[in-house]
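Notes to accompany the following structure.
Read-outs throughout are calculated quantities, based only on the coordinates presented, and are distinct from any laboratory measurement. Everything numeric here is computed off the predicted structure, so don't read it as measured data. We place every Cβ from the backbone using ideal geometry, glycine too, and count neighbours over all the protein chains shown.
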Amino acid sequence: MQNPRLSFLIGGLLAVSMAIPSCKPKNETGVISSGAAEKTYVAPGKYDEFYNFVSGGFNGQVSVYGLPSGRLLKIIPVFSVFPENGYGYSEETKAMLNTSHGAVPWDDQHHLELSQKDGTPDGRWLFANANNTPRVARINLATFKTEEILELPNSAGNHSSPFCTENTEYIVAGTRFSVPVGDNQDVPINSYKKNFHGTVSFIKVDSVSGRLSLAFQLLLPGVNFDLSHAGKGASHDWFFFSCYNTEQAHTLLEVNASQRDKDFIMAVNWKKAEEYVRDHKGTAGKASYVHNIYNEKTESASTTTESQVITLDPAQLKDFVYFIPCPKSPHGCDVDPSGEYIVGSGKLAALIPVFSFTKIQKAIEDKQFDGDYGGIPVIKYAAALYGEVQKPGLGPLHTEFDGNGNAYTSMFVSSEVVKWNIKDLKVIDRKPTYYSVGHLCIPGGDTKHPFGKYLIAYNKITKDRYLPTGPELAQSAQLYDISGEKMEMILDFPTVGEPHYAQALPADLISKNSVKYYKIEENGNPYSTKGEKLAKVVREGNKVHVYITAIRSHFVPDNIEGVRVGDEVYFHVTNLEQDWDIPHGFAVKGAANAEILIMPGETCTLKWTPTETGVYPIYCTDFCSALHQEMQGYVRVSKAGSTTPLTFGTNLADSAVVKN
Amino acid sequence: MQRRLSSSYRGVILLLSLAMIAVLYLPIWKIELSAPQYPEGLNLQIYANRIGGDVDVVNGLNHYIGMHTLHTRDFVEFVVLPYIIGGFAVLGLLVALVNRRVVFYAWVTLFVLIAFTSMIDFYRWEYNYGHNLDPEAPIQVPGMAYQPPLLGYKQLLNFGAYSIPDWGGWIFVGVGVVLAALVVLDLRLRRRAGGVVPGVAAVCVLLSLQGCTAGPEPIRYGQDICAFCKMGFTDKRYGGELCTKKGKVYKYDDLHCLQEALKAGSPGKGDVAGIYFVDFAGGPWVRAEQAYLLRSSELHTPMGSDIAAFADSVSFRMNQGKFNGQLLTWKDLYR
């Protein structure tokens, strides 16, 4: 009896256990097709096809990748100090990080926008936003250097920025945090509805120099502005901004700002706003905000403080700002290449609404309004709506375009990129991302003429994609080939910082203009030393200026005596090289700031305040030549009040020892 | 008639009691959750006296959709269940001691009662957990409930939930199977006749596991024909499917045909596991109970029902404006 009973029991259990697992669907493993390696392989010595500028998020910088290889080419320091090359530490660049709050060493960099001409990237400048201490920056793409940073008054959480109009007439900056605006800012937080305002700044970009200036600001109801994009073609005169928290919550926004069925896309006729400003309809108000400019000639940055801002109040000056209802806390606000379709992505919505610019114009003309919000007319949803993409996925965030009538939307919650047709709003394809995609980028994907070909998904969660590196992981990005009907994932690569938005453009729009080195004769830095014979050390009270040159493989001078404890020593290092990719570095023992990297033909200054007597080594930190390790020297520091004479020199035959 | 149990029976009963004591310490049930951003998966484990596994992570996620957080102390079950299971084990020892067939059968009945009540209670708890949503939750999908499956797999937004017995549960099931076998063998011995297939118990268990019936299948346009009117599928905007408990799928090109087929009793009402409609807006299948139905003579459906189905109120309203129809629910059409 035992045996049949036992086998019966086992048989029963087996049957049960086999019946169940068959019901659980298999996970998609994201298998890469065999041709993927070929598509992303850029042979040694060959160049990538596209530059990909990627925001650094919490590292405050901009990183530059090559596509399709996913290779990291450069990190451009923008809003955070960068001890690696001295940005924010050197005397020349310190001023770049000045704000009305003093020098701020860090920021949160979210969005990038390439300058455009006729709606197409022209490869001249890259604009970047700082989220935390509201600023916008302009980066020169010939030198990959941050040239200008403008602070924004009446702003907090500069998130809706720095998107530009078709000819880079303006870049914009909208506030994620509404704050009290005006003379009295010491108000109770719960007086939000009464006292708090959002603002949207229009920043004029000089078409020749790229110089930024705050043209005017819109004073708006206290909501959270999230993202924005300019119109194109027929909608050229308009700018569109998404906003949430129309509930005007000031606490626990997670719940309290998610109650209304619809928030808004705000449409602004900036041409009309320009007219109002021209006709002096704006209010000139007091404000204090700083403007930092890096002068290429003097190779140094300076800070000026601005004191005025022109404000336009759309509740009083009518007919240029409108709200369009958009479901559930819209995030992305993207305009298709034709400029006709405006895509709002309600991050909590189960659909994607697409608005029609023609219908919006008609609705405004026919006054198809649903009352107003804070004095600004609200256009009827149905009157502005072109249609809705049904069941696109969960958590739609951002949309880019391929120029062939298709839109690609990132889905945070369902971790996928969804391709859909703009005209019939039907979903064509969906591919998983790894994991929880935030922004996505197609080369030229937010412009009038997208270059298409690739799509990059920038993910917020990495987990098991790469070898583990402890609790803190790199962020993951995936590259998709979008040249076919179906998207194909061809590469997975780690990124630095935490990328948000990114921009990409064909490499030769930039590479052909790239500066290789600075001509020494054009060096306008007042502390430059254009030849070893001119090297010197000058004492001015307790300031010691060291005019020092660097060339393979020595400094002139490399022996300095007569420095005293308590002196402020300024090493003005001029790199005399006139060849591509021969930077020199400079470091001194005990320097409390950073090292500096000096590009060929450039002068950089490192300040050093020795606190103890002794002999301090200096050396080159960038491996410059076979005798790089010999490129060194000494600085003797004597006690305060010492009479050690100031001497400096080298044992070079041709320069001889120069004595003061 | 024999009123006592054989010694081998008493031995097995003793073993079963010990097995039930093990159940006290092992996880009885588990709900595995998987989502794209959780490649490693999340686990909820239900023990006799507590909830274990990634409870905190799950609680953290659930507040987005307004589900209540899970805390062991909120469940009277976790106080009572150890006594029930422990008591059952102790009673088993008594059954072996008392050595009466009547008592044994009483014990078996008790087991069946415990099993059923537990499952009913579990279902009731899952229902409340999935339906009692905070009306102020940030993410609200109209018509969406998040009740985990009692057994088997179910997709809840971006999470797949897979509910199965864990070690303790399997032991429990095993105990049940052995008890069934003991009963069957005992009855057969008593009748001194065959006729009862020993596999019955296993088959019963298998049948009870049919929680995972087949869902709707895609309609192959140009190949499939309507199961009622026998015509080919012409319009991708209309139609529906009946899925039976046995996993068979009947496809219809119009709601008219689907209704008529149900009326005709082919398949019979009792056999139907699920009714699904084609989403007029082109989305995935819409469950009949959740569908927004639009009746309008301007729709011109293939077989004249003039009814289109929608998954959500927004697409329904958009098309209602276009076609001037009226809103119906499946309940209105079919009682």
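Counting every C-alpha pair in the stretch A:483-540, the share spaced more than 17 angstrom apart comes to 73%. Taking only the C-alpha atoms of the stretch A:136-292, the Rg (one decimal) and the largest Cα-Cα distance, Dmax (whole number), read 16.3, 48 Å.
Could you tell me the calculated FRET efficiency between A:Lys204 and A:Glu365, based on Cβ-Cβ distance and R0 = 25 angstrom, to the nearest 0.05?
Working: r = 29 Å, r/R0 = 1.17.
That pair, A:Lys204 with A:Glu365, gives E of 0.30.
For the stretch B:1-156, the fraction of alpha-carbon pairs lying more than 24 Å apart is 46 percent, rounded to a whole number. Among the helices of chain B, those built from whole DSSP H runs whose Cα atoms reach 18 Å or more along their own axis and whose mean Kyte-Doolittle hydropathy is at least 1.6 are B:7-25, B:77-98.
Between B:Gln45, B:Gln259, B:Gln147, where does the largest GNM mean-square fluctuation fall for chain B, given springs only between Cα atoms within less than 10 Å? Answer for the Gaussian network model of chain B: B:Gln259. Around the amide H of A:Leu114, modelled in the peptide plane, lie the amide H atoms of A:Phe127, all under 5 Å away and 5 or more residues distant in sequence or on another chain. The long axis of helix A:2-19 is offset from the longest Cα principal axis of chain A by roughly 80 degrees.
DSSP finds beta bridges in the protein assembly as shown, and of those with both partners inside it, around 95 percent are antiparallel.
For A:Asp492, nonlocal amide neighbours, meaning residues 5 or more places apart or on other chains whose placed amide H falls under 5 Å from its own, are A:Leu479. Averaging the sequence gap over all C-alpha pairs within less than 8 Å and six or more residues apart, then dividing by the number of residues, gives the stretch B:240-333 a relative contact order of 25 percent.
Taken one residue at a time, the phi angles of the stretch A:271-279 give Karplus couplings (6.51, -1.76, 1.60, θ = phi - 60°) of 5, 5, 4, 4, 4, 4, 5, 4, 7 Hz. Gly and Pro are set to x. Give me the net charge for the shell around A:Glu274: Cβ to Cβ below 10 angstrom, other residues only, Lys and Arg +1, Asp and Glu -1. Net of charged neighbours comes to 0.
Only residues of the stretch A:326-369 count here: report those whose backbone N is under 15 Å from the spot 7 Å along Cα→Cβ of A:Gln259, or say none. Output list for this probe position: A:329. Suppose the Debye formula is applied to equal point scatterers at every Cα of chain B; what is log10 I(q)/I(0) at q = 0.07, 0.08, 0.12 Å⁻¹? Log10 of I(q)/I(0), two decimals: -0.43, -0.55, -0.98. Measuring between their Cα centroids, the stretch A:97-160 and the stretch A:338-400 lie 29 Å from each other.
Here the convex hull built on the C-alpha positions of the stretch B:19-89 has a volume of 83 cubic angstrom per residue.
Can you compute log10 of I(q)/I(0) for the stretch B:240-333 with the Debye formula, treating each Cα as one identical point scatterer, at q = 0.20 Å⁻¹? Per q value, in the given order, log10 I(q)/I(0) is -0.93. Residues of the stretch A:377-392 with backbone nitrogen within less than 19 Å of a virtual label 7 Å along the Cα-to-Cβ line of A:Asp279, please, listed as ranges. Backbone N within reach: A:377.
Can you tell me, using C-alpha contacts under 8 Å and at least 6 residues apart, the relative contact order of chain A as a whole percent?
Details: 1837 pairs, mean separation 69.0, N = 660.
10 percent.
Between A:Gln316 and A:Thr251, the C-beta separation translates, for a Förster distance of 25 Å, into a calculated FRET efficiency of about 0.25. The calculated FRET efficiency for the pair A:Ala382 and A:Ser191, based on their C-beta separation and a Förster distance of 45 Å, comes to about 0.80.
Whole-percent P(r), the stretch A:365-465, all Cα pairs, 10 Å bins from 0: 15, 36, 27, 18, 3, 0. Panel values: the stretch B:284-335, Kirkwood radius from alpha carbon pairs, Stokes-Einstein at 20 °C and 1.002 mPa s, translational diffusion coefficient 194 µm²/s. Computed from label points 7 Å out along Cα-Cβ, the spacing between B:Arg237 and A:Lys533 is 8.9 nm. Taking 7 Å steps out from each Cα toward its Cβ at B:Arg220 and B:Lys331 produces label points 3.8 nm apart. Work from the charge dipole of the stretch B:240-333 (Cβ charges, +1 for Lys and Arg, -1 for Asp and Glu, about the Cα centre) and give the residue of B:Cys243, B:Ser296, B:Leu255 farthest towards its positive end. Farthest towards the positive pole: B:Cys243. For the protein assembly as shown, the extents of the C-alpha atoms along the principal axes are 127, 74, 59 Å, listed from largest to smallest.
Distance between the 7 Å Cα→Cβ label points at A:Asp122 and A:Val496: 3.0 nm.
Counted by Cβ distance under 13 Å from A:Phe225, the other residues give a net charge of -1, where Lys and Arg count +1 and Asp and Glu count -1.
Neighbours of B:Arg10 by Cβ distance under 14 Å: Lys/Arg scored +1, Asp/Glu scored -1, total +3.
Ratio of alpha-carbon Rg to the 2.2 N^0.38 Å globular estimate for the stretch B:66-164, to two decimals, please. Walk me through the intermediate numbers first.
On the way: Rg = 18.8 Å, N = 99, 2.2 N^0.38 = 12.6 Å.
Expressed relative to 2.2 N^0.38 Å, the Cα Rg reads 1.49.
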